[in-house]
Amino acid sequence: MQVGDLVHRGPDTRPAVAMVDRFLTRHPDRWVQLRGNHEACHLGEARFLYEPLKDTTEQTPLRWDAAEILRIATALETSEGPVLVSHGGRVWTTGSGRRPTPTTSLHG
């Protein structure tokens, strides 16, 4: 599982996105990719300044979103019971349409 902000967080966004894309393509049942606020910028869900992605890297999160494999959260079963995992402890709601919007932080 990767919990978001795969893009813009280091000098190697392009190879990191390509690596995750290979995992998602080859083993979709073994990889969960969560949407962070940096991916949300490319999906029109968040507004802040960011460095545009180059080449096909820009299209990859869009393709994941269209295929509904870029998740806003996932539940993990633990010995203590189920745990909801999201990017940055964000709670999401659905506004108009299927696009999620961040509403509040779970940690203040």
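Here, each number is a calculation from the coordinates, and none is a lab measurement. The structure presented is a predicted model; accordingly, all values stated were derived computationally and were not measured. Cβ placement follows ideal geometry from the backbone for every residue including glycine, while neighbour counts extend to all protein chains displayed.
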Residue separation between GLU77 and GLN2 times 0.36 nm, minus their alpha-carbon distance, gives in nm 25.3 nm
Once both label points are put 7 Å beyond Cα along the C-beta direction, the HIS27-ALA67 separation in nm becomes 1.6 nm
What the 5 Å binned alpha carbon P(r) of region 1-63 shows, as percent of pairs per bin from 0, is 4, 18, 31, 28, 15, 4, 1
Among LEU62, PRO15, CYS41, the residue whose Cα sits farthest towards the positive end of the charge dipole of region 8-70 (+1 at Cβ of Lys and Arg, -1 at Cβ of Asp and Glu, taken about the Cα centre) is PRO15
